[in-house]
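Have a look at the structure below before the remarks.
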Amino acid sequence: MPGQEILRHPYVPTAASSAVLLLGVLVVVTAAPAVFIAREETPPVGLTAASFALVFAAFLVVPALNRRAPAAPRAQRTVILVAITAAIVVPLALLYPAVAITGLGWLLVVGVAVQALLLIAVAIGAARRRNR
């Protein structure tokens with residue numbers, strides 16, 4: 001049976017699994033309001049509430065992943081911390097001009113693109129590390 005293989009080999013997260021989850025949540029949470037801001041519309045209140053719920057859920061899941069994952073090498077930890085920091089700081093830095101200056105809403109879309117690239121880079125690094 002196909003399910004038997006999964007039961008014999010339970011999922012063990014990589015050292016970067018929690019970072020990939022957190023970066024993925026950051027992309028989703030930032031992308032939805034970014035679309036509205038780029039179109040110069042106000043995001044619905046429910047969207048903001050859903051965004052906070054996603055972030056809260058991620059912060060509940062990340063410690064569980066970290067407990068089950070093997071320790072990451074120092075270089076990988078540094079890359080992960082830089083990626084998460086940049087994924088938070090870049091959109092925040094672009095938020096004020098995107099909201100305050102008419103026609104610059106696309107800047108927040110650039111911030112989301114940076115987040116997505118960081119997510120892809122960390123995910124590829126984690127997959128390459130797991131295959132070794």
- Restricting attention to region 80-108, and to residues there that are small (Gly, Ala, Ser) and assigned to a loop (DSSP other than H, G, I, E, B), which single residue is farthest from residue 27 (Cα to Cα)? 103
- Among the residues of region 30-55, which ones are aromatic (Phe, Trp, Tyr) and either modelled with pLDDT of 85 or more or farther than 27 Å from residue 80 by Cα (or both)? 36
- Only one of 83, 116 is under 19 Å from residue 13 (Cα atoms) and either under 14 Å from the mean Cα position of the chain (by Cα) or without any contact (Cβ under 8 Å) to a residue 60 or more places away in the chain (or both); which? 83
- Which one is surrounded by the fewest Cβ atoms within 10 Å (Cβ to Cβ), of the residues in region 14-71 that are in a helix (DSSP H, G or I) and of a type in the set (D, E, K, R)? 67
- Query: Considering only region 24-52, how many residues are within 24 Å of residue 103 (Cα to Cα) and more than 11 Å from the chain's Cα centre (by Cα)?
  - Reply: 16
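The values are calculated or read from the model by the stated rules, or taken from the named source; none is laboratory data. Quick caveat, the model's predicted, so the values are computed rather than measured. With ideal geometry, Cβ positions are generated from the backbone for all residues, glycine too; neighbour counts draw on all protein chains shown.
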